[in-house]
Amino acid sequence: MKNISPAAVYLKDYTPSDYLIDTVDLEFELGETSTRVKSKLTVRENPASLSSAKKLILNGENVLLKTILLNGKELTKTDFKIQENKLIISAVPAKFELEIHTLIKPQENTSLTGLYQSNGNFCTQCEAHGFSHITYFLDRPDMMACYTTTIIADKEKYPILLSNGNLVASGSLGKDKHWVKWEDPFKKPCYLFALVAGDLERVQDEFITQSGRRVDLHIYVEKGNKHKCEHAMQAVKKAMKWDEDTFGREYDLDIYMIVAVSDFNMGAMENKGLNIFNTKYILASPETATDDDFLHVESVIAHEYCHNWSGNRVTCRDWFQLSLKEGLTIFRDQTFTEDTMSAAVARIHAVNDLRNSQFGEDAGPLAHPVRPESYVEINNFYTATVYNKGAEVIRMIQTLIGKEIFRQGLDLYFSRHDGQAVTIEDFVKAMEESSGISLEQFRLWYSQAGTPVLDIKDEYDPHHKTYYLTIRQSCPATPGQNEKLPFHLPFKIGLLNGSGEEMFETVLQVKKQVEKFKFDNISSFPIPSLLRSFSAPVKLHFSYSDEQLQFLMQHDTDLFNRWEAGTKYWVRVILDLVNDFQVKKKLQLPLGLINVFSALLQQAELDKWLLAEMLTLPSERYLAEQMTIIDVDAIHAVREFVITELANQLKQDFIETYKKNHSLNTYQFNLQEVGRRQLKNRCLDYLVHLDDFTLHEQLALSQFAVALKNNMTDTLSAIKYLTYVDSPLQGKILTQFYAAWKHDPLVVDKWLSLQAISKSPDTLDKVKLLTQHEAFDIKNPNKVYALIGAFARHNPVRFHSAKGEGYLFLTDIVLELNALNPQIAARMVTPLTDWKRYDIHRQGLMQRSLEMILKTKSLSRDVHELVSKSLQ
Ligand code: TRP
Ligand code: ZN
């Protein structure tokens with residue numbers, strides 16, 4: 001059998017549906033081998049339909065059709081046909097009731113799309129097209145309807161039965177079964193449908209909205225996890241209050257439910273009134289979750305909560321508009337984190353995320369605009385570009401028109417489009433109307449892919465006391481887009497004088513390919529602080545001197561740019577050393593570096609968390625992103641060399657800061673405590689690199705021993721390095737860690753990742769062995785990410801080992817996953833797709849792996865699309 005390329009869907013082909021569905025009445029009878037689904041639809045012709053010969057074509061995948069009734073009359077074989085996941089019903093009246101009976105097998109569903117089981121409980125995932133894995137339906141987001149859901153199930157196995165909206169009736173059925181009926185008063189697209197049935201525990205609380213309504217808050221978890229929900233519940237209330245205060249958005253139902261499940265393809269899902277979460281983003285306790293985990297729980301909860309307006313009340317017309325809800329909602333959850341934690345650190349994290357994942361995407365074969373023009377499999381477009389760059393685009397609008405007007409624009413957007421399925425264009429129009437500012441050119445951010453580059457030069461005329469900035473923008477070609485037009489972007493700058501005082505701050509509007517800005521009354525040659533707070537998602541080239549960067553690190557009033565100056569400086573130092581390494585020159589730290597670092601350690605007035613970020617060298621991934629041909633070995637060796645040198649030369653400073661901030665207090669998650677822990681553990685990261693092994697061993701081991709049962713943040717930082725290198729203690733520590741935590745799946749994920757990112761030469765062999773370990777399960781996405789994902793994405797030196805065994809290993813895994821869970825298979829194949837960034841030898845090996853995958857029979861649409869595009 002030959003692989004036929006699956007067909008693409010195009011934005012330009014969008015047409016309104018021929019039919020509309022107004023109401024959907026569902027009945028599920030959940031069984032132990034199969035589930036019966038009855039769907040009763042009221043259907044009518046769509047007055048907005050453009051076609052003269054209307055056709056009713058419903059989508060369905062892996063559903064067994066039992067019966068169809070049209071206005072109560074059963075249809076016979078000649079009345080309809082089933083063709084490649086489509087049910088076509090030939091002659092239908094202008095208005096009718098359709099009843100469809102289907103049979104599905106959730107227990108056999110390993111794709112985690114549609115209705116499936118996780119640890120014996122039923123749950124659903126319907127975005128983007130999961131609903132058509134449940135029943136035949138017009139599975140498109142502009143099909144908004146009112147739903148009722150009846151669930152019938154075994155009383156004992158599934159005491160909890162949930163769906164969207166409000167519980168309106170329930171009862172017993174025979175001696176073993178019970179039933180419930182839920183009604184969702186809001187119209188919604190089918191991708192927001194959800195059902196949960198299982199034996200779950202509940203944590204409850206309530207929230208009083210700004211208008212005084214009481215909302216019940218329920219978090220459901222698997223048994224034994226109730227004590228890990230406190231943080232999540234606080235986060236729910238915090239997010240609800242924040243969205244009222246910041247954007248005037250109030251929750252609309254009387255109940256808000258969250259269910260945490262262990263098997264989930266993504267982070268979480270915003271189903272109306274019934275969010276479903278990956279356990280990773282709900283369960284958090286000091287002894288099992290790190291500061292980062294606590295932070296992620298808050299931001300994912302804020303994200304899904306915010307979707308209730310940006311996504312649910314106002315949804316997407318079609319999937320090309322995905323960034324309409326995702327970009328906007330990421331922007332909203334990032335703003336939440338900035339407002340409630342450290343604003344500067346939140347911005348640093350957001351920019352790191354963008355540059356570590358989106359910049360690479362934008363520079364590779366899978367680059368696509370924030371609003372793609374075509375796709376083969378929409379699941380492949382839940383990307384950093386749609387999410388994170390999409391959020392940057394929204395942020396730029398806010399910067400261009402100002403916070404207050406942006407808020408008005410958002411109010412207009414929500415009120416004008418409440419209950420509708422709309423486009424990115426509708427959003428931009430609301431912003432234009434509220435501000436009176438044309439965003440005509442700005443719209444290119446949605447249609448052009450690629451990361452723009454700004455080349456900047458400055459001049460000073462002491463005679464006239466004028467200062468000039470010349471900005472030249474360009475954007476590299478991306479697949480299907482060779483020529484790019486100039487972007488409209490906000491360029492926020494500050495000018496500092498020689499004593500570190502700020503002369504002024506402004507937002508420049510950059511529109512042309514080359515633009516020269518003039519600043520009057522500047523008394524001396526200023527030091528420019530450019531692209532403050534990362535006001536646009538671009539790459540910036542300006543030839544700062546080392547001294548200027550050091551100066552900005554100390555004096556910039558924009559805290560983000562203080563950190564950014566440091567990043568620029570470390571990148572420069574490390575890439576210079578990479579060159580030395582490649583020509584086998586002896587490595588030596590530049591003189592100034594130690595002073596800069598020790599000066600930083602003395603900056604006591606800085607927020608500790610920010611200081612910890614400033615003491616962090618750029619990631620190997622970000623460094624790789626800066627190289628034309630990525631040299632993973634050189635980057636790793638040099639980065640480790642710099643850390644070790646800093647540790648040896650500043651040992652006393654690190655020890656002092658470590659000791660000052662080390663505390664045995666009970667874990668608390670708040671700004672001060674997180675800052676203190678982050679700073680202390682960053683110092684430990686350096687100290688464990690000391691040549692003086694006994695000292696660091698003692699420090700790390702004592703922290704490990706003390707924290708093992710009560711503080712995961714400290715436990716992990718203490719042992720990261722000891723398990724990362726070939727330490728004689730590696731085996732012992734890992735055994736101890738596993739023995740202490742093998743009953744906790746989320747901690748076991750950390751244990752798997754620790755081993756996957758180890759730099760020991762035999763890491764690949766160990767990873768292979770771990771795939772056979774009781775702790776691993778290829779059907780569970782968290783386990784796959786923890787072991788395979790960590791190895792392929794966060795261990796470049798071992799994954800890209802010169803013989804290519806890493807590539808072959810990943811190839812096998814991708815093919816195994818392809819048959820089980822195509823979405824996860826596609827996510828795992830991406831480390832191979834940027835093969836052209838490596839040396840010729842590795843390119844050949846990676847290409848060979850991609851070709852092997854492409855040749856495989858019954859390759860999923862998901863994997864096929866990514867692999868074939870990356871080979872083009
Ligand atoms: N809409 C979800 C979000 O909040 C994303 C998501 C969750 C998803 N599960 C999914 C997307 C499965 C595709 C497939 O970002
Ligand atoms: Zn989202």
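We did not get these values from a lab; they are worked out from the coordinates using the rules stated. Everything numeric here is computed off the predicted structure, so don't read it as measured data. So basically every Cβ, Gly included, is an ideal-geometry build from the backbone, and we count neighbours across all protein chains shown.
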For K742, go through the aspartates and glutamates and keep the ones whose alpha-carbon is under 15 Å away, minus same-chain ones fewer than eight residues off. E287, E774, D777
Give the angle, between 0 and 90 degrees and rounded to the nearest 10, that separates the Cα long axis of helix 322-340 from the longest principal axis of the Cα atoms of the chain. 50 degrees
Suppose every Lys and Arg Cβ carries +1 and every Asp and Glu Cβ carries -1, with no other charges. What dipole size does the range 658-801 come out with about its Cα centre, to the nearest 20 debye? 320 debye
Residues other than K836 with Cβ under 15 Å of its Cβ, Lys/Arg counted +1 and Asp/Glu -1, net out at -3
For the chain, build the charge dipole from Cβ charges (+1 Lys, Arg; -1 Asp, Glu) around the Cα centre, then report which of V632, N166, L530 sits farthest towards its positive end. V632
Classify the range 498-591: rounded, prolate or oblate, from the alpha-carbon gyration tensor (a ≥ b ≥ c, eigenvalue square roots; a/c under 1.5 rounded; otherwise prolate if a/b is larger than b/c)? prolate
If you place +1 on the Cβ of every Lys and Arg and -1 on the Cβ of every Asp and Glu, how big does the dipole about the Cα centre of the chain come out, in debye to the nearest 20? 1400 debye
Could you rank the peptides 574-583, 755-764, 76-85 by their average count of other C-beta atoms within 10 Å per residue, with the highest value first? 755-764, 574-583, 76-85
Ranked by how many other beta carbons lie within 10 Å on average, peptides 848-854, 438-444 from highest: 848-854, 438-444
Vicinal HN-Hα couplings computed from phi for the range 762-768 (Karplus, 6.51 cos²θ - 1.76 cosθ + 1.60; Hz; Gly/Pro x): 9, 4, 4, 4, 5, 4, 4
Greater than 26 Å separation of Cα atoms is the criterion. Which listed pairs, K586/K750; K81/K157; K492/K680; K492/K516; K238/K403; K12/K272, meet it? K586/K750; K81/K157; K492/K680; K12/K272
Could you tell me the relative contact order of the range 511-628? Use alpha-carbon pairs under 8 Å, at least six residues apart, and round to a whole percent. 20 percent
Nearest 0.05, what FRET efficiency do L103 and L11 give at R0 = 35 Å with Cβ-Cβ as r? 0.50
Kirkwood calc, the range 768-831, C-alpha pairs only, radius in angstrom 11.8 Å
For the chain, alpha-carbon Rg and Dmax in angstrom: 27.9, 95
Separation in nanometres of the label points that stand 7 Å from Cα toward Cβ, at V507 and L871: 4.7 nm
By the Cα gyration tensor axes a ≥ b ≥ c (a/c under 1.5 gives rounded; else a/b larger than b/c gives prolate, otherwise oblate), the shape of the range 537-608 is oblate
Sum of -39500 (n - 2.57) over DSSP H runs of 4+, divided by residues of the chain (222 nm, nearest 500): -12000 deg cm²/dmol
Take the Cβ-Cβ distance between H773 and V725 as r, set R0 to 22 Å, and report the resulting FRET efficiency rounded to the nearest 0.05. 0.50
Can you compute the charge dipole magnitude of the range 196-336 about its Cα centre, using +1 on each Lys and Arg Cβ and -1 on each Asp and Glu Cβ, nothing else charged? Give it in debye, rounded to the nearest 20. 340 debye
Binned Cα-Cα distance frequencies in the range 634-702 - 5 Å width, integer %: 3, 17, 25, 22, 16, 10, 6, 1, 0
Could you work out the relative contact order of the chain? I mean the mean sequence separation of Cα pairs under 8 Å and 6+ apart, divided by the number of residues, in percent. 9 percent
If you plug each phi of the range 403-418 into the Karplus form 6.51 cos²θ - 1.76 cosθ + 1.60 with θ = phi - 60°, what whole-Hz ³J(HN,Hα) values come out, in order, with x for Gly and Pro? 4, 5, 5, 4, 4, 5, x, 5, 4, 4, 4, 5, 6, 5, 10, 4
In Å and whole numbers, how far do the C-alpha atoms of the range 64-203 stretch along each principal axis, longest first? 49, 31, 30
Once amide hydrogens are built 1.01 Å from N within the peptide plane, the residues lying 5 or more places from I255 or on another chain with amide H under 5 Å from its amide H are D216
In order over the range 837-853: 3J(HN,Hα) from phi, Karplus 6.51/-1.76/1.60, θ = phi - 60°, whole Hz, x for each Gly or Pro, gives 7, 9, 5, 3, 4, 5, 3, x, 5, 5, 4, 4, 4, 4, 5, 4, 5
Specify whether the C-alpha gyration tensor of the range 186-245 places it in the rounded, prolate or oblate class, a ≥ b ≥ c being the square roots of the eigenvalues: rounded for a/c under 1.5, otherwise prolate if a/b is larger than b/c and oblate if not. oblate
How do 615-628, 211-224 rank on mean C-beta neighbours within 10 Å, highest first? 615-628, 211-224
Between the range 207-281 and the range 485-533, what is the separation of their alpha carbon centroids in Å? 42 Å
Note: probe point = Cα of Q204 + 7 Å toward Cβ; backbone nitrogen < 19 Å; residues of the range 140-161 passing the test are 158-161
